[in-house]
Amino acid sequence: QVQLVESGGGLVQAGGSLRLGCAASGTGFSINIMGWYRQAPGKQRELVATITNRGTTNYADTVKGRFTISRGNAKNTVNLQMNSLKPEDTAVYFCAATHFGDDYWGQGTQVIVSS
């Protein structure tokens, strides 16, 4: 069973930056896909970005050029650098992982961008 723990998040002004981190435990294997999703109030959860264990990345159009996903130096960690934040980026951000066909989710971390 894979467990995901997020770090980072908080309150920032529009145009500012935040960095989210996520660490996975419960497996000795390299997790194939890790990523971030977000859910704003009253909206469905949506993809932000994913990265494979080979470094292939995928971004939502709304964050391309502003957010960067990367694998951490420690095994099964992933980071999300968020720059030029906008009020519409306000949401709960969830770390996600796909491992041997199963999907896992973190508890979520709140990001609030004030205008």
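Of all chymotrypsin sites (Phe, Trp or Tyr not before Pro) in segment 1-104, which ones are in loop regions per DSSP and have a Cβ with at most 12 other Cβ atoms within 10 Å?
29, 100
The portion of the accessible surface of segment 70-115 made up by carbon and sulfur, rounded to a whole percent, is 48 (1.4 Å probe; DNA, RNA and ligands excluded).
With the simple model of a label 7 Å out from the Cα in the direction of the Cβ, residue 61 to residue 75 spans 4.0 nm.
Cross-link partners of residue 75 among lysines, defined as those whose alpha carbon lies under 29 angstrom from its own and excluding same-chain residues fewer than eight positions apart: 64.
Report the full-extension gain for the segment residue 3 to residue 30: residue separation times 0.36 nm, less the Cα-Cα distance, to one decimal in nm.
Details: separation 27, 0.36 × 27 = 9.72 nm, distance 1.36 nm.
Fully extending the segment from residue 3 to residue 30 adds 8.4 nm.
If you run the Gaussian network model on the chain, springs between alpha carbon atoms under 10 Å, then out of 21, 42, 101 the most flexible one is 42. Per residue, the accessible area of segment 64-115 comes to 50 Å², computed with a 1.4 Å probe over protein heavy atoms only.
Distance between Cα centroids, segment 80-115 to segment 2-54: provide it in whole Å. Result: 5 Å between the Cα centres.
In straight-distance terms, cross-link reach from residue 43 covers every one of the aspartates and glutamates whose alpha-carbon lies under 19 Å from its own, apart from those fewer than eight places away in the same chain; here that gives 61, 88, 89. Largest mean-square fluctuation among 57, 77, 27, in a Gaussian network model of the chain whose springs join Cα atoms under 10 Å apart, belongs to 27. Taking every Cα-Cα distance in the chain and sorting them into 5 Å bins starting at zero, the pair-distance distribution P(r) comes out as 2, 13, 25, 26, 19, 10, 5, 1, 0 percent.
Placing +1 on each Lys and Arg Cβ and -1 on each Asp and Glu Cβ, with no other charges, gives segment 34-115 a dipole about its Cα centre of roughly 200 debye. Think of the chain as a dipole: +1 on every Lys or Arg Cβ, -1 on every Asp or Glu Cβ, centred on the Cα centre; then among 92, 55, 21, 55 lies furthest on the positive end.
The values are calculated or read from the model by the stated rules, or taken from the named source; none is laboratory data. These numbers come from a predicted model, not from an experiment. Quick reminder, even Gly has a Cβ in these numbers, built from the backbone with ideal geometry, and neighbours come from all protein chains shown. To get the accessible areas, we keep the full protein, side chains included, count just its heavy atoms, and leave off ligands, DNA and RNA. Shrake-Rupley method; radii C 1.70, N 1.55, O 1.52, S 1.80 Å.
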